[in-house]
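The values are calculated or read from the model by the stated rules, or taken from the named source; none is laboratory data. Nothing here was measured: the structure is a model prediction, and the numbers come from that model. Cβ atoms come from the backbone with ideal geometry, glycine included; neighbour counts cover every protein chain shown. Surface areas here come from the heavy atoms of the whole protein model, side chains and all, with no ligands, DNA or RNA. Shrake-Rupley method; radii C 1.70, N 1.55, O 1.52, S 1.80 Å.
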Amino acid sequence: MRSIWNGAISFGLVSIPVKLVNATENHSVSFRQIHAADGGRVRYRKVCELEEKEVPQAEIGKAYEDADGSMIPITDEDLASLPLPTAKTIEIVAFVPASEIDPLQMDTAYYLSANGVPAAKPYTLLREALKRSDRVAIGKYALRGRERLGMLRVVDDVIAMHGLLWPDEIREPEGVAPQSDVTVRDAELDLADALMATLGEVDLESLHDDYREAVESMIAAKVEGGGAAPEAAPPEREGGKVIDLMAALESSVRAAQEGRGGGAEGAREAKVTPIKGRRAAASPKSSGGGKKSTSTTPKKAAAKKTAATKSTSSSAKKSDSKTATRSTAKSTAKTTARSTSKSSARSKEKKATPSAKKRSSA
């Protein structure tokens, strides 16, 4: 790999000659601008505003634009004369735990290669010291006309350096977080945890740029003269709508389980319990602070269940007994009333018979 900078790592009184090599590369498909009417190439030309003619690269210099719009020329000699000790040196200033570096500060990554045989021993010493201390080195260096901050760490058997933004280059996230008060229930967190567990981990080597592959395939088809239209992209998910968060989480967990193989395997990774009545489920974790746990052991639960069954059975028997007693009383009362009615009727007939006989004889 071609080096972009040669210098040395200053490690106390130890100097390690190194070469700086880009650790990343850009695979994006680049396009040129053309005149849509005839396909002619559209180019940017560097033109002097005073002479109104194109200027070759060799005649282009630097200048600082003042507040009033005037240009102050700055030459390479002016920059070279500045007291910049890091012009050809990566000066290590501290060793800190990697957790103290905010990922927002990380910029371009480089590999540091030992420059020559004499550099192999001190290079290896610094690499092994970083490994054993489980720390990263913070250093200052100059590249492309400005001083920068860098973080040195070990990747396999190589020392890598990440360019870091200066702390004052990180903007405060003012007005970015939701401004309204939002309450997240335990049930929603449980489902989110289940979704995270179901998705699990992924091998980063298996991820690739689908869009770039589609662009390359489309270009290849046009080169071959077919000009076949690419397959329609799947419709984008609609956003900005108020959704049922619980339902969305449950559906996401089920979809993730199916995508990961589903069935018993997915169930072992994460289990979804439907929430009834739109109420938050109690957290499975017992609360701290010395409070007694409200959860019951299986034996206590079984005892409570048995007692509840007996109580229900006893209540049912009492209810049946009362019902039978009421039914018997009603039946007895009806029978007695009927018997009394018949008896009184017969008595009236007996009394009425003699008087009828007297009337007939008369």
Considering only the stretch 187-211, state which residues are open to solvent by less than 90 Å² (accessible area, probe 1.4 Å) and either over 24 Å from the mean Cα position of the chain (by Cα) or within 30 Å of residue 148 (Cβ to Cβ) (or both). 209
Number of the condition not met by residue 4 [criteria: (1) part of a strand (DSSP E or B); (2) modelled with pLDDT of 90 or more]: (2)
Any pair with Cβ under 7 angstrom, 6 or more apart, that starts in the stretch 124-147 at a residue that is surrounded by fewer than 18 Cβ atoms within 10 Å (Cβ to Cβ) and ends at one that is of a type in the set (S, T, N, Q): 147/86
Do any residues in the stretch 235-252 that are open to solvent by 70 Å² or more (accessible area, probe 1.4 Å) have Cβ atoms under 7 Å from those of residues that are modelled with pLDDT of 60 or more, where the two are at least six apart or on different chains, and which pairs are they? 245/188
Subset of the stretch 149-168, residues without any contact (Cβ under 8 Å) to a residue 40 or more places away in the chain, of a type in the set (D, E, K, R) and outside any loop (DSSP other than H, G, I, E, B), comes to 168
Give all pairs with beta carbons closer than 9 Å in which a residue from the stretch 206-224 that is modelled with pLDDT of 85 or more meets a residue that is of a type in the set (A, V, I, L, M, F, W, C) and open to solvent by 70 Å² or more (accessible area, probe 1.4 Å); count only pairs at least 6 apart in sequence or on separate chains. 214/233; 218/229; 221/229
Failed item, numbered, when residue 64 is tested on (1) surrounded by 10 or more Cβ atoms within 10 Å (Cβ to Cβ); (2) not in a helix (DSSP H, G or I): (1)
Counting only residues in the stretch 170-186 that are farther than 30 Å from residue 244 by Cα and free of Cβ contacts under 8 Å to residues at least 24 places away in the same chain, the one most open to solvent (accessible area, probe 1.4 Å) is identified as 171
